[in-house]
Amino acid sequence: MSATIYLVANGDLRLSANQKCWPAQEQAEAVVVAAIEKQGRTVVRGHAYDPVKKHGFIDSQKRGMEVFRSIPRDAPLVVVEAVWQYSHHLLHGLYSHQGPILTVANWSGQWPGLVGMLNLNGSLTKAGVRYDTLWSVDFTDAYFTEKLERWLKGEAVVHDTSHARPLGEFKLPAKAEQIAAAEAGRLKNDKAIMGVFDEGCMGMYNAIIPDELLHPTGVFKERLSQSALYAAMREVPEAEARAVRAWLDERGMKFVLGPNEETDLTEAQILDQCKMYIAALRIAGDFGCDTIGIQYQQGLKDLAPASDLVEGLLNNTDRPEVRDASGKVLYAGQPLPHFNEVDECAGLDGLLTHRVWSALGFPSENTLHDVRYGEDYNGEFVWVFEISGAAPPAHFIDGWKGTVGERQPPMYFRLGGSTVKGVSKPGEIVWSRVFVDNGKLKADLGRAKVIELPQEETERRWQITTPQWPVMHAVTYGVSRDQMMARHKANHIQVAYAPDAAWANLALAAKAALFRDLGLEVSLCGSEHGLG
């Protein structure tokens, strides 16, 4: 391998986010460069700090193409991520790059680089681009330095992924097979519609399922427009929005309000979100959607408050009634599964989870979370699963009464809007991820428990991530931190509760079988799933 290593740093599209996050990126780059130079190599940054923009990120696809024109095609390339990033800003350059590629993230929940790197890794996997990946708290530990040394010698970086085994190695319960066969038959016969309010949120290439891979599952996209959603919001009467707002008060949801639209959550923002909720349900009903995803980024963010309160409501069974023009209650007595950031892999997963959980007679609320961070606590590694607000209150301790609405951070969400903040209740869950790899639709599934941490520890974890967002403290059975990072091909992870461990094992088996029957390549991950 060449003695000269090129380094690039991909960032957000939003100037405010890039400026706010730049110091953390600069710090991470410095220690990564030091680790590489310690092994006798020279690092050249592929693009300069911009004194006008006050950051050194690649901040658009256009800028990314300019940067890659000056990087030798065969040079070893390190992509360092300490922040959330838009993968399409540099995916084009990585497609055609002929030298070895290493993605690296700092083990920090702050902005977060872990989430950004997992999205990039998932996008590269879908694109068929060869890459290696590493992560570290301070870039001095043996796990990082030894694997970095191998990469610098031209060797592949190998991680332990023995926790993931093909579904075919397991014998599934007859009940699981029966549920899967029935639901697969229903989907293939009746079909289902995935409503997509604009594809490609934040350059998440890994979150788009090609139609030719999706259609064999019986699910077809209805491509909808965020502009149509905004127009429909403007037609919702003020009285209907206020009725939704009053319903939230009656259920006990609390909102942290303030007077300043630019920095505080205001009543006007909440009412706009109530209008979006009503409009989204009516559009979904008109088009016969079985699941929907609202991009929000880009475009809608410049017109309306964030969609997270809308998404949390949609994902919950207990929510305000909305009627269509004929007076019929839309999606009565059930969630309308919503996939945050139009992550279509999560959309397919969420729809199938809803079907399987309903067949089992379980509450079917499910959501995605970011794989945000994690630390040891009392001898267990406890993940911080955290999403921008779209989790259903049914997942929280005390339900609606344990739900708080806080303003979305201004650096990401200029027009604000309420989150759906809460602490996920203790219990047994099934986690999963659908992803595209080598032109195939695949799925990983596993089991985990959600634990309740002391309030001070929850607050500490919130403060080092994003305190306005809902959190889940999860312990993945038989899957370590490094195994999850090595195998997981997405920034998102899907989660759903079951009544207890035994029922969770049956739900996992039925869902895995349904994925298989619909043509996905399925792996079971970790332990405690009750399957030999």
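The values are calculated or read from the model by the stated rules, or taken from the named source; none is laboratory data. All values reported here derive from a predicted model rather than from experimental measurement. Quick reminder, even Gly has a Cβ in these numbers, built from the backbone with ideal geometry, and neighbours come from all protein chains shown.
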Of all residues in segment 104-163 being among the aliphatic types (A, V, I, L, M) and closer than 23 Å to ALA3 by Cβ, the one that is farthest from the chain's Cα centre (by Cα): LEU152
Single condition VAL479 does not satisfy, out of (1) outside any loop (DSSP other than H, G, I, E, B); (2) farther than 22 Å from PRO499 by Cβ; (3) of a type in the set (A, V, I, L, M): (1)
Some residue of segment 39-59 being under 30 Å from GLN468 (Cβ atoms), among the small types (Gly, Ala, Ser) and touching a residue at least 60 places away in the same chain (Cβ under 8 Å): no
Filter result (among the β-branched types (Val, Ile, Thr), over 18 Å from the mean Cα position of the chain (by Cα) and in a helix (DSSP H, G or I)) within segment 307-366: VAL356
Verdict on ALA346 being surrounded by fewer than 23 Cβ atoms within 10 Å (Cβ to Cβ) and aliphatic (A, V, I, L, M): no
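Conditions tested, residue by residue: (1) of a type outside the set (S, T, N, Q); (2) touching an Asp or Glu at 6+ places or on another chain (Cβ under 6 Å); (3) over 19 Å from SER2 (Cα atoms); (4) not assigned by TED's automatic domain parsing to the domain that holds ASN119.
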site	(1), (2), (3), (4)
LYS54	yes, no, yes, no
GLN61	no, no, yes, no
VAL67	yes, no, yes, no
VAL79	yes, no, no, no
ALA82	yes, no, yes, no
GLN85	no, no, yes, no
HIS92	yes, no, yes, no
From the options GLY200, GLY195, GLY218, residue that is under 24 Å from the mean Cα position of the chain (by Cα), assigned by TED's automatic domain parsing to the domain that holds GLY405 and modelled with pLDDT under 95: GLY200
Positions within segment 144-170 being assigned to a helix (DSSP H, G or I), touching a residue at least 24 places away in the same chain (Cβ under 8 Å) and surrounded by 18 or more Cβ atoms within 10 Å (Cβ to Cβ), in sequence order: PHE144, LEU148, TRP151, LEU152, LEU167
Selection status of HIS369, buried (at least 24 other Cβ atoms within 10 Å of the Cβ) and closer than 16 Å to ALA490 by Cβ: yes
Check on ARG447, free of Cβ contacts under 8 Å to residues at least 24 places away in the same chain and either part of a strand (DSSP E or B) or more than 17 Å from the chain's Cα centre (by Cα) (or both): no
Contacts under 7 angstrom Cβ, first residue in segment 171-194 being in contact (Cβ under 8 Å) with a residue 60 or more places away in the chain, partner among the aromatic types (Phe, Trp, Tyr) and not in a strand (DSSP E or B), 6 or more apart: ILE193/PHE287
Hits in segment 14-48 (condition: in a strand (DSSP E or B) and over 22 Å from TRP111 (Cα atoms)): THR42, VAL43, VAL44
Candidate set: segment 347-373, residues that are touching a Gly at 6+ places or on another chain (Cβ under 8 Å) and not basic (Lys, Arg); chosen: the one nearest to GLY113 (Cα to Cα): TYR373
